[in-house]
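Working notes for the structure below.
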Amino acid sequence: MGGGVAGLALGIGLRRHEVPVQVREAGEYPRHRVCGEFLAGVRPETLQFLGVEDLLRDALRLTSTSWYRRDDLIMEQDLPEPALALSRYEMDARFSHRLQDLGGDLLQRSRAHPQDNGDGVVWATGRRRAPKKAGTRWLGLKIHARDLPMEHDLELHFGRGGYVGVARLPRRRANISGLFQLQSSLQGRDTDLILAYLQQTGLKKLSHRLQYEELDQESFQAVTALDYGSQRPPKGQLCVGDCWSMIPPFTGNGMTRALEQAALAIPPLLGYALKHREWPEVRRTIEQQSRQVFGPRLRRAHLLHQLLLNSVGQAGLAFVARRNWLPFDKLYHALH
């Protein structure tokens, strides 16, 4: 259930072993999504195992990053390893075509429901809505810009109660995606809404840059009810990707983790398909392995996320980063 990165990659990987696969997607392909649109920390062997390495050969290699607090530059660094940048509009389209080329059944505009759960059903339906009493309400916004001048491939801008990432994409595009505390007083559509939130969070220079650039209105997306707290999959469901747990977006590791978890799930699922393993055992195995592999990474990311979203934590980050005291490579590997 679910045709995002995790669901499509899992389906492709299983079809390579001739396992019958049906993927149900609530929307249609291709479409834009709120996403950082780059893969940080992904390993070639993961892409090879899933059978999608060739689909990312023309992805842009991102090698440098800069961090800002409000309007002030606090750090410039080379990435420990290149990140791969490709729009979700393009990536999802390629993955969906590969699944169908391999004989997978893809149902679009087909929404999954809890009663659909059962043996052999894997849930990859993306984020789960935050509970109404979950505290701060978050808003994710995204839009593409054309020919946006950038000195580094990746920019991370920290503001009051939120942050924004800017990633260079192929074909002279840039992806602007931000996480903001929802403000009912801020109104607007598309570009106006993004600029209003940038101003509200104190990112005035970035707002000014975007005001004078060509923004692709069709790429605009917004999503609410985001939950970056501790998550547990619904009882009795086998979940992968954001449906299992969401890693904070500042890491750039969300799509990478989705691919890694899809790869992790394939061997136990093959055992089930070959009737060597029972479904409850498969579900327990994937859940245990996921917690073992991804649990420490998620805990570190959530802890740092809380620091980055308050003024004291941002001030501490700026103090350390400006003096070149931040162990950037170690931090990167702790989160990827």
Quiz prompt | Residue satisfying condition, being closer than 21 Å to G3 by Cα, basic (K, R) and touching a residue at least 12 places away in the same chain (Cβ under 8 Å), within set R31, R70 | solution = R31
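On the basis of being modelled with pLDDT of 90 or more, exposed (fewer than 12 other Cβ atoms within 10 Å of the Cβ) and more than 17 Å from Y68 (Cβ to Cβ), does P267 make the cut? Even if it seems obvious, please write down each step before you answer.
Details: modelled with pLDDT of 90 or more: yes; exposed (fewer than 12 other Cβ atoms within 10 Å of the Cβ): no; more than 17 Å from Y68 (Cβ to Cβ): yes.
The answer is no for P267.
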Quiz item: Quick one: what pairs do we get from the range 289-314, first residue within 22 Å of F328 (Cβ to Cβ) and touching a residue at least 40 places away in the same chain (Cβ under 8 Å), second β-branched (V, I, T) and in a helix (DSSP H, G or I), C-beta under 9 Å, 6+ apart or different chains?
Solution: R297/T251; A301/T251; L304/T251; H305/T251
Quiz prompt | Residue identified as surrounded by fewer than 18 Cβ atoms within 10 Å (Cβ to Cβ) and within 18 Å of the chain's Cα centre (by Cα) among R57, R61 | solution = R61
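So which residues in the range 243-255 are within 18 Å of G3 (Cβ to Cβ) and either over 8 Å from the mean Cα position of the chain (by Cα) or not in a helix (DSSP H, G or I) (or both)? Before the answer, list the steps.
Just the residues of the range 243-255 that are within 18 Å of G3 (Cβ to Cβ), to begin with: 243-244, 246, 254-255.
Hits for the range 243-255 are C243, W244, M246.
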Self-check item: Selection count where residues are touching a residue at least 40 places away in the same chain (Cβ under 8 Å) and under 19 Å from R146 (Cα atoms), scope the range 170-190
Solution: 5
Exercise. Among the residues of the range 256-276, count how many are in a loop (DSSP other than H, G, I, E, B) and either in contact with a Ser or Thr (Cβ under 8 Å, 6 or more places away or on another chain) or at positive phi (or both).
Key: 1
Quiz item: If we keep just the residues of the range 39-83 that are assigned to a strand (DSSP E or B) and of a type in the set (V, I, T), which is farthest from S311 (Cα to Cα)?
Solution: T63
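Among the residues of the range 300-326, which ones are among the polar types (S, T, N, Q) and closer than 15 Å to H157 by Cα?
Our first condition is that a residue be among the polar types (S, T, N, Q); within the range 300-326, this holds for 306, 310-311, 314, 324.
Across the range 300-326, the qualifying residues are N310, S311, Q314.
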Quiz prompt | Among (1) closer than 26 Å to D116 by Cβ; (2) in a loop (DSSP other than H, G, I, E, B); (3) touching a Lys or Arg at 6+ places or on another chain (Cβ under 7 Å), the one test that Y29 misses | solution = (3)
Self-check item: Complete set of residues in the range 40-59 that are at pLDDT 95 or above, of a type in the set (A, V, I, L, M) and either within 30 Å of N117 (Cβ to Cβ) or touching a helix residue (DSSP H, G or I) at 6+ places or on another chain (Cβ under 7 Å) (or both)
Solution: L47, L50, V52, L55, L56
Practice problem: Check off (1) in a loop (DSSP other than H, G, I, E, B); (2) crowded, with 20+ Cβ neighbours inside 10 Å; (3) of a type in the set (G, A, S) for S185 and give me the number that stays unchecked. | Solution: (2)
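The values are calculated or read from the model by the stated rules, or taken from the named source; none is laboratory data. Predicted, not measured: the structure shown is a model, and the values here were computed from it. Every residue, glycine among them, receives a Cβ derived from its backbone with ideal geometry; neighbour counts consider all protein chains shown.
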